[in-house]
Amino acid sequence: QVQLVESGGGLVQPGGSLRLSCAASGRAFSSHFMGWFRQAPGAEREFVAVISWNGGYTYYADSVKGRFTISRDGAKNTVYLQMNSLKPEDTAVYYCASTIKLLRLMEILTYDYWGQGTQVTVSS
């Protein structure tokens with residue numbers, strides 16, 4: 001079992017920044033791919049970013065590429081999502097998730113464990 005707890009969400013003005021954290025506990029976290037997803041009101045949950053177990057591989061959705069950065073600290077069992085140049089359309093509940101699978105990393109069903117989510121609101 002892996003338990004995931006997100007934090008760091010909040011209200012920010014357009015153009016601002018936030019850093020989300022996802023603290024993991026449980027066994028074998030170090031062997032998991034970790035992903036961030038988001039879900040806006042009335043919309044489906046969508047992929048944001050993913051990072052490999054050693055941080056050597058990252059991939060981003062086109063909508064956040066160049067603005068968001070995913071990273072992980074193995075010693076702290078924590079994954080981060082640094083979000084810069086935020087836009088109102090980034091408003092959503094952000095979820096972290098983990099998987100030991102190697103393929104289809106942008107798909108929701110690939111992930112085995114999910115956090116409870118943290119709200120990000122971008123508004124003036």
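What to note about this one:
- Residue in the range 72-94 that is in a loop (DSSP other than H, G, I, E, B), free of Cβ contacts under 8 Å to residues at least 40 places away in the same chain and surrounded by fewer than 20 Cβ atoms within 10 Å (Cβ to Cβ) present: no
- Residue match in the range 107-121 (condition: part of a loop (DSSP other than H, G, I, E, B), at pLDDT 95 or above and either open to solvent by 50 Å² or more (accessible area, probe 1.4 Å) or of a type in the set (D, E, K, R) (or both)): yes
- Checked against (1) under 27 Å from Gly15 (Cβ atoms); (2) touching a residue at least 60 places away in the same chain (Cβ under 8 Å); (3) open to solvent by less than 20 Å² (accessible area, probe 1.4 Å); (4) not charged (D, E, K, R), Val64 passes all but a single condition, namely (2).
- Residue ID - surrounded by the most Cβ atoms within 10 Å (Cβ to Cβ), chosen from residues in the range 25-41 that are modelled with pLDDT under 95 and not in a strand (DSSP E or B): His32
- Test for Ser63: is it more than 23 Å from Gln1 (Cβ to Cβ), in a loop (DSSP other than H, G, I, E, B) and in contact with a Pro (Cβ under 9 Å, 6 or more places away or on another chain): no
- Of the numbered criteria (1) under 18 Å from Glu6 (Cβ atoms); (2) in a loop (DSSP other than H, G, I, E, B), the one Gly55 fails is (1).
- Of all residues in the range 36-55, those satisfying the criterion of being farther than 11 Å from Tyr94 by Cβ and in contact with a strand residue (DSSP E or B) (Cβ under 9 Å, 6 or more places away or on another chain) are Pro41, Ala43, Phe47, Val50, Ile51, Ser52, Trp53, Asn54, Gly55.
- Check on Cys22, within 16 Å of Gln3 (Cβ to Cβ), at pLDDT 95 or above, out of contact with any Phe, Trp or Tyr (no Cβ under 6 Å at 6 or more places or on another chain) and surrounded by 14 or more Cβ atoms within 10 Å (Cβ to Cβ): yes
- Selection from the range 45-57 of residues that are loosely packed, with under 14 Cβ neighbours inside 10 Å and over 16 Å from Arg104 (Cβ atoms): Asn54, Gly56
- Filter result for Leu102 (part of a loop (DSSP other than H, G, I, E, B) and touching a residue at least 12 places away in the same chain (Cβ under 8 Å)): yes
The values are calculated or read from the model by the stated rules, or taken from the named source; none is laboratory data. Since this is a predicted model, take the numbers as computed values, not measurements. Note that each Cβ is placed from the backbone with ideal geometry, even for glycine, and that neighbours are counted across all protein chains shown. The protein model used for the area step is the full one, side chains on, heavy atoms only, and it has no ligands, DNA or RNA in it. Shrake-Rupley method; radii C 1.70, N 1.55, O 1.52, S 1.80 Å.
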